[in-house]
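Engineer: One structure coming up, written as structure tokens, with questions to follow.
The values are calculated or read from the model by the stated rules, or taken from the named source; none is laboratory data. Note that the structure is a prediction, hence the values are computed from the model and not measured. When we count neighbours, we look across all protein chains shown, and the Cβ atoms used for this are built from the backbone with ideal geometry, even at glycine. Just so you know, the surface numbers come from the protein's heavy atoms only, side chains and all, with ligands and any DNA or RNA stripped out. Shrake-Rupley method; radii C 1.70, N 1.55, O 1.52, S 1.80 Å.
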Amino acid sequence: KQNEKRIRKYEDSVRSLWDSFKRTNIRIIGVPEDERQQDIENLFEEIMAENFPHLVKEMDLQVQEAQRTPNKRNPKRTTPRHIIIKMPRAKDKERILKAARERDSITYKGIPIRLLDALPRVTCPNHPDSILVEDYRAGDMICPECGLVVGDRVIDVGSEWRTFSNDKATKDPSRVGDSQNPLLSDRDLSTMIGKGTGAASFDEFGNSKYQNRRTMSSSDRAMMNAFKEITTMADRINLPRNIVDRTNNLFKQVYEQKSLKGRANDAIASACLYIACRQEGVPRTFKEICAVSRISKKEIGRCFKLILKALETSVDLITTGDFMSRFCSNLCLPKQVQMAATHIARKAVELDLVPGRSPISVAAAAIYMASQASAEKRTQKEIGDIAGVADVTIRQSYRLIYPRAPDLFPPDFKFDTPVDKLPQL
């Protein structure tokens, strides 16, 4: 039972990883092809401006990649090739597709076109937002809300768990090898040959005629080692599977471009993990990544800048709110103190009281001020150990916001220590 659960977990991870490759892609159908081969990114901006001007104003439209598919144009083809637009964030894609569904018709210079998800999902017609349950034994996809069998004969690409060997002592019950890994060049498909039992399996010297030979290339071997290191680092700081998958995908792109030659793969993997955390909205500090890896903070920072330049991507700026809930939770502070610290940090930034200070040090100083005003007091050392900043850094940021302390607290905050009694440091 444990093996079956573990194998199913691996299968789910492979499926989610395969979905993550195309989950930010938008497919545009019906845009005529011009002999001038207009820049597709500009074409997409024209479509957005023509049909969704409100989204253009609200969103920072950034196209990570744009191309027609297939790559080569067939002169015998009567319909225009589809356009694949890769967005940097999945939430941007979902927002655009939602607006497209709500609109009666979408046009490009008066010509009707369609905007679709590049990875069509099988959904229940009555409950499109519900997550379907897969019955692996029957090969069915079932809606958990109404019980409707939406899809049947689903192909299971995972590894088998039953044994077909006559030898009871064999540890590997699988006859098809490991599950597919889309990140590797050959998807890690392999065949394992069992031990021979008859005379025909051995030559005249007693050696086995048929042997397993590992044909994994050096590049795949390097990527596999990097993926293992990424998984280990993510487990140490309790990061979810979707961040591991995004990190693996980023590492594969960097490795195949060969734009960071000469840099250690462990350093590239650590920087990719830092980028994936920020892109998924759960940023971690350089010190936290450095603590679970064998690479220095300076080297991770260098690789971080090089990867952003090589992939031509960007990450959202970190704010004090990105760390506040995690820091307060690790310090066992109540919700009231967390809300007060968030309000203090936000007001301090709005009033420009902490120019040039990192969001982490500002968050630490805000937590210190809020805790000192409440019954749950925490020392600078306790906060510094959790936030990864020095005591002197917290004091410097605290001194900048202390003169305006009465203006920083939320109006409904219940003081255990009055503002004028707060430590002045």
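Engineer: When all protein chains stay in place, what accessible area (Å², nearest 10, 1.4 Å probe) is found for I113?
Structural biologist: Rounded to the nearest 10, that gives 10 Å².
Engineer: Another question, then. At 1.4 Å probe size, put T319, T313 in order of accessible surface, largest to smallest.
Structural biologist: Working: T319 70, T313 25 Å².
So the residues, ranked largest to smallest area, are T319, T313.
Engineer: Turning to a different aspect of this structure: I'd like the FRET efficiency for L308 and D203, computed as 1/(1 + (r/R0)^6) with the beta carbon distance as r and R0 of 56 Å, rounded to 0.05.
Structural biologist: Numbers: r = 56 Å, r/R0 = 1.01.
Here the calculated transfer efficiency is 0.50.
Engineer: As a test of reading the structure, rank D352, D140, D39 by solvent-accessible area (1.4 Å probe, protein chains only), most first.
Structural biologist: Numbers: D352 105, D140 35, D39 80 Å².
Descending order: D352, D39, D140.
Engineer: Then there's this: State the Cα centre-to-centre distance between region 279-312 and region 321-335 in whole Å.
Structural biologist: Centre-to-centre distance over Cα atoms comes out at 23 Å.
Engineer: Let me ask you something else. Solvent-accessible area of I386, probe 1.4 Å, all protein chains present, reported in Å² to the nearest ten, please.
Structural biologist: Using a 1.4 Å probe on the heavy atoms, I get roughly 60 Å².
Engineer: Report Y398's accessible area, 1.4 Å probe, all protein chains in place, as a number in Å² to the nearest 10.
Structural biologist: Surface accessible to solvent at Y398 totals approximately 0 Å².
Engineer: Could you give the nm distance between label points at N74 and D220, where each point is 7 Å from its Cα heading toward the beta carbon?
Structural biologist: Spacing of the two 7 Å Cα→Cβ label points: 3.0 nm.
Engineer: Here is a further query. Using 0.36 nm per residue, how much length does the chain from A99 to M59 gain when fully extended, once their Cα-Cα distance is taken away?
Structural biologist: On the way: separation 40, 0.36 × 40 = 14.40 nm, distance 1.28 nm.
Gain in length upon complete extension: 13.1 nm.
Engineer: Then there's this: Given Cα pairs under 8 Å that are at least 6 residues apart, what percent is the relative contact order of region 303-392?
Structural biologist: Values: 76 pairs, mean separation 26.2, N = 90.
Relative contact order, region 303-392: 29 percent.
Engineer: A follow-up question, please. Could you sort D104, D322 by their accessible area in this structure, using a 1.4 Å probe and putting the largest first?
Structural biologist: Details: D104 160, D322 55 Å².
Order by accessible area, largest first: D104, D322.
Engineer: Return the FRET efficiency for the residue pair Q257, E45: r is the Cβ-Cβ distance, R0 is 30 Å, and the value is rounded to the nearest 0.05. Each step should come with its number before you reach the end.
Structural biologist: Details: r = 26 Å, r/R0 = 0.86.
Computed FRET efficiency for Q257 and E45 comes out at 0.70.
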